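Q: Have a look at this one.
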Amino acid sequence: MKLTDYMTKDMIILDLKASSPQLALHQLIDVMESEGRITNKSDYYKALVNREAQSSTAIGFEVAIPHGKTDAVILPSVVFAKAPEGIEWESLDGDPVKLVFMIGVPEAAAGNEHLRILALLSRRLIDDSFRDGLKEAVTVDEIYAQLSTVEA
């Protein structure tokens with residue numbers, strides 16, 4: 001299983017322009033909607049915000065992994081975005097977020113798929129060279145190729 005099993009190249013944003021986590025989430029949700037992976041943008045946004053209210057999903061190292069479980073999600077999905085200018089996101093280390101992995105899973109698949117995707121990402125995101133490679137990539141193909149190396 002690879003991270004790219006949960007996404008298409010059209011689910012990669014090279015230059016996310018958002019001045020807040022909320023605006024970033026809305027832009028990423030729009031991608032999910034355009035790819036036909038959600039049925040209700042508002043319900044999915046609420047799931048993301050409710051999760052964020054528990055604790056920040058900005059894990060440090062300029063990375064955020066917002067995620068939500070709701071029946072508004074049709075199939076487990078990941079949207080990736082680079083935010084070169086950074087987004088203030090109440091990160092654990094105080095640094096602005098430059099890499100965002102938004103995960104959505106249907107409520108029925110919440111346990112297994114949700115944790116599987118988080119585990120896949122967690123193992124790779126501790127690698128400085130992996131994060132740097134994503135920041136330095138300039139094309140969707142380069143990012144997709146790097147994300148395809150994230151596998152169980």
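Yes or no, residue by residue, for (1) free of Cβ contacts under 8 Å to residues at least 24 places away in the same chain; (2) open to solvent by 40 Å² or more (accessible area, probe 1.4 Å):
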| site | (1), (2) |
| --- | --- |
| Asn50 | yes, yes |
| Ile59 | no, yes |
| His67 | no, no |
| Val79 | no, no |
| Ala83 | no, no |
| His114 | no, no |
| Asp132 | yes, yes |
| Asp141 | no, yes |
| Glu151 | no, yes |
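Q: For the structure I just gave you, tell me whether Ala152 is modelled with pLDDT of 95 or more, closer than 12 Å to Lys2 by Cα and over 16 Å from the mean Cα position of the chain (by Cα). Even if it seems obvious, please write down each step before you answer.
A: Details: modelled with pLDDT of 95 or more: no; closer than 12 Å to Lys2 by Cα: yes; over 16 Å from the mean Cα position of the chain (by Cα): yes.
No: the conditions fail for Ala152.
Q: Next question. Can you name the residue in the range 1-36 that is in a loop (DSSP other than H, G, I, E, B), open to solvent by less than 70 Å² (accessible area, probe 1.4 Å) and touching a helix residue (DSSP H, G or I) at 6+ places or on another chain (Cβ under 8 Å) and is also nearest to Ala137 (Cα to Cα) among such residues?
A: Leu14
Q: Within the range 125-140, can you find the residues that are touching a strand residue (DSSP E or B) at 6+ places or on another chain (Cβ under 9 Å) and not in a loop (DSSP other than H, G, I, E, B)?
A: Leu125, Arg131, Leu134, Lys135, Val140
Q: Could you check, for the range 92-103, whether at least one of its residues is free of Cβ contacts under 8 Å to residues at least 40 places away in the same chain, part of a helix (DSSP H, G or I) and surrounded by fewer than 17 Cβ atoms within 10 Å (Cβ to Cβ)?
A: The answer is no; no qualifying residue exists.
The values are calculated or read from the model by the stated rules, or taken from the named source; none is laboratory data. Just so we're clear, the structure is a prediction, and the values are computed from it rather than from any experiment. Counting neighbours? That spans all protein chains shown, and the Cβs are built from the backbone with ideal geometry, glycine included. Ligands, DNA and RNA are excluded from the accessible area calculation, which covers all protein heavy atoms including side chains. Shrake-Rupley method; radii C 1.70, N 1.55, O 1.52, S 1.80 Å.
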